[in-house]
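Report on one structure; see the data block that follows.
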Amino acid sequence: MAIELKNTVPWKKAIDSISSFISEGNIHFSDSGIFFKAIDPSQVVFVEFDLPKTVFDKYSIEPTLVGVDLVELGKIMGRAMPEDKLSMDLTESELLLSFDGETTRNFSLPLIDINEEEINIPETKFDAKVEINSRILKEAIKDAALFGSSAVFKIKNSCFSIESQGSSGAVKASLKQAKVTSIKNLEKPEKSEIISKYSLNFLQNIIKEADSDKKLFLEMKTDSPMKISYSIGPSSMQFRLAHMIL
């Protein structure tokens, strides 16, 4: 196995995002790139990550499955300097990582055995897709978190809003720049209402690594899990977040 990557940011951010929910998991090294999918222990968040082979400066590997402690891997990746080139290799018992910049630093991470059960996520026919600037959504979620641990996401008359309330107050944010599209399964889309409730803590962790200057996408249906998608450079991040009872 020989993998080299000059731009470590997408890999580092993806590991940081995933390890917020999943402490250990199997990383798939395939002929087409690096792939990861898993569900968190509470079964609230399902995550998929894909980093294509074309991103790497060198990618020579037999397809394999590697079980690692993602939290520890995140700590190692946190030590990467902006100018560092990352190299990765495998032994029978360790994942080897090397940063080559002003200094050369070598790290080793023990491999662990992780039983990977087949994950079957039911296909959802979402009723709406929202395109929104990541920064705007992050700020709206911060506002909502002032008053509660959850928020109601609502689409009405093609307008997108987030509402939260608690004993100390309430807030409703109408996100004017959000573009609501792909309302397909409803008889009268322009008069429809879609409403679901989600955990703010999980949402904040899901989108924390999304580039604030870029768009992300939310796919929704009333009282159903929400799909959140965004890119970190050339890598693709997708999450399914379970809904809460209204």
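Quick note: the coordinates plus some simple rules give every number you see, no bench work behind them. Keep in mind that what you see is a predicted model, and the values were worked out from it rather than measured. Cβ coordinates were reconstructed from backbone atoms using ideal geometry, including for glycine residues, and neighbour counts include every protein chain displayed.
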Trypsin sites (Lys or Arg not before Pro) in the range 2-61 lying in a DSSP loop, each with at most 14 other Cβ atoms within 10 Å of its Cβ, come to Lys6
In 10 Å bins starting at 0, how do the alpha-carbon pair distances of the range 64-108 split up by percent? 26, 56, 18, 0
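Just to confirm the filter: which trypsin sites (Lys or Arg not before Pro) across the range 78-138 are DSSP coil and have at most 14 other Cβ within 10 angstrom of their Cβ?
Here the sparse-neighbourhood loop sites are Arg79, Lys125.
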Order these by the 10 Å Cβ neighbour count, fewest first: Leu97, Leu65. Leu65, Leu97
How far, in nm, would the chain grow between Ser60 and Gln204 when pulled straight, counting 0.36 nm per residue and subtracting the alpha carbon separation? 48.3 nm
Compute the separation of the alpha-carbon centres of the range 18-79 and the range 202-246 and state it in Å as a whole number. 18
When the distances between all Cα atoms of the chain are binned every 5 Å from zero, what whole-number percent does each bin get? 1, 6, 13, 16, 17, 14, 11, 9, 7, 4, 2, 0, 0
Could you list which residues have their amide H under 5 Å from that of Met244, counting only those 5 or more apart in sequence or on another chain, with H placed in the peptide plane? Lys197, Tyr198
Mind giving me the nanometre distance, one decimal, between the label points for Arg79 and Gln177, set 7 Å out from Cα along Cα→Cβ? 3.8
Which one, Leu70, Phe21, Leu95, projects farthest toward the positive side of the charge dipole computed for the chain from Cβ point charges (K/R +1, D/E -1)? Phe21
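Pairs Lys53/Lys85; Lys75/Lys197; Lys156/Lys208; Lys176/Lys221: which exceed 23 Å Cα-Cα?
Correct reply: Lys75/Lys197; Lys156/Lys208.
Rank the residues Glu131, Glu102 as a footprinting-exposure proxy: fewest other Cβ atoms within 10 Å of their Cβ go first. Provide the component values of the computation, followed by the final result.
On the way: Glu131 15, Glu102 9.
Least to most surrounded, the residues fall as Glu102, Glu131.
What does the helix-only formula give at 222 nm for the chain: each DSSP H stretch with n ≥ 4 adding -39500 (n - 2.57), the total divided by the residues, and the result rounded to the nearest 500 deg cm²/dmol?
Mean residue ellipticity at 222 nm (helix-derived): -4500 deg cm²/dmol.
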How do Ser87, Ser168 line up, fewest other C-beta atoms within 10 Å first? Ser168, Ser87
Points 7 angstrom from Cα along the Cβ direction at Lys214 and Glu193: gap in nanometres? 3.5
Based on the alpha carbons, how large is the Rg to Rh ratio for the range 2-110 when Rh follows Kirkwood? 0.94
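Take every Cα-Cα pair in the range 128-241 and report what % of them are more than 21 Å apart. Don't jump to the answer; show the numbers that get you there.
Values: 2061 of 6441 pairs.
Value for the range 128-241: 32 percent of Cα pairs lie more than 21 Å apart.
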Local electrostatic count at Ser17 - Lys and Arg +1, Asp and Glu -1, tallied over other residues with Cβ under 11 Å: +1
Provide the three semi-axes, in whole Å and in decreasing order, of the ellipsoid equivalent to the range 73-136 as defined by the square roots of 5 times the Cα gyration tensor eigenvalues. 35, 23, 8
